[in-house]
1. What's the total number of residues in the stretch 139-184 that are outside any helix (DSSP H, G or I), of a type in the set (Phe, Trp, Tyr) and open to solvent by less than 10 Å² (accessible area, probe 1.4 Å)?
2. If Leu213 meets every condition in (1) within 21 Å of Phe87 (Cα to Cα); (2) surrounded by fewer than 21 Cβ atoms within 10 Å (Cβ to Cβ); (3) of a type outside the set (Val, Ile, Thr) apart from one, which number is that one?
3. Where residues in the stretch 96-146 are among the hydroxyl-bearing types (Ser, Thr, Tyr) and in contact with a Pro (Cβ under 8 Å, 6 or more places away or on another chain), which of them is farthest from Leu159 (Cα to Cα)?
4. Scan Ile146, Ile98 and give me the residue that is closer than 24 Å to Ala30 by Cβ, out of contact with any Asp or Glu (no Cβ under 6 Å at 6 or more places or on another chain) and at pLDDT 95 or above.
5. Identify the residue in the stretch 83-94 that is of a type outside the set (A, V, I, L, M, F, W, C) and in contact (Cβ under 8 Å) with a residue 40 or more places away in the chain and, among all such residues, is surrounded by the fewest Cβ atoms within 10 Å (Cβ to Cβ).
6. Considering only residues of the stretch 1-49 that are at pLDDT 55 or above and of a type in the set (Asp, Glu), which is least open to solvent (accessible area, probe 1.4 Å)?
7. Which pairs do you get when a residue that is within 22 Å of Leu90 (Cβ to Cβ) and of a type outside the set (Lys, Arg), found in the stretch 178-200, comes within reach of a residue that is open to solvent by less than 50 Å² (accessible area, probe 1.4 Å) and part of a loop (DSSP other than H, G, I, E, B), reach meaning Cβ atoms under 9 angstrom, with the pair 6+ apart or on two chains?
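The values are calculated or read from the model by the stated rules, or taken from the named source; none is laboratory data. Predicted model only: the values in this text are computed from it and were never measured. Cβ: placed from backbone, ideal geometry, glycine included. Neighbour counts: every protein chain shown. Note: areas computed on protein heavy atoms with side chains; ligands, DNA, RNA excluded. Shrake-Rupley method; radii C 1.70, N 1.55, O 1.52, S 1.80 Å.
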Amino acid sequence: MPQSSYDLKCRAREQLSGKWLQAGIVCFIAWLVTMTFTDGNVIHSFRNIWQNGELVRVPTTNSSNGFASLVSFVLSGPITLGVSSYFLKLIRNEGPFIENMFGGFKFFIKSFVLNFLIQIFTILWTLLLIIPGIIASLRYSMAYYIMIDNPQLSAFEALDRSKLMMVGFKFNLFSLWCSYIGWFLLGILTIGIGFLWINPYYEAAKANFYQDLRYKSNTMY
């Protein structure tokens, strides 16, 4: 099973040593590319990061910015896949480059469909109650990593493998999320500037969580 939240965060700090600036630039570009097309604020960004367990905000639409929000939604899938790929390379010591974050566009259709399915299923579960929505987001949280390691998979197959991989481990990831609440609040208090340091920290820890599951779960991925 994955290590404790404390151990995952310690590993993340060690792996980010000497790479904080580059990782921060990756997270900032990801935020800039998606948020440029929306009029969201820091509070909304934090809310969606918490609900979805992902770096990239999924926008809401309204009459004034419907087209811009659609563009942001379309970009969210490949950007999230690319950012996830960057942090997997980082924790695996594979010499990541900033341009790795755009690698998701090589699988544009798959990553778009994956993002669409995750949002639809999560929203449907959230319509029942908040708790089922959170559980759904935990259940689907490994799908992007699985697609990176298995590019031949379809979006549906990546989701199915994520659900299987997270059986018995959803609370572990939830605990990791909770351990960052203070950091996320700090990011808000610093008018978002703190997220340049916090987002890489969180993404690296979450990538380590996947790495542990990948090698220690009973199912091979």
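1. Result for the stretch 139-184: 1.
2. (2)
3. Among those that are among the hydroxyl-bearing types (Ser, Thr, Tyr) and in contact with a Pro (Cβ under 8 Å, 6 or more places away or on another chain), it is Thr126.
4. After ruling out the rest, the residue left standing is Ile146.
5. Only one residue fits best here, namely Asn93.
6. Asp7
7. Matching pairs, first to second residue: Trp183/Gly194; Phe184/Gly194; Gly187/Gly194; Ile198/Tyr180; Asn199/Leu55.
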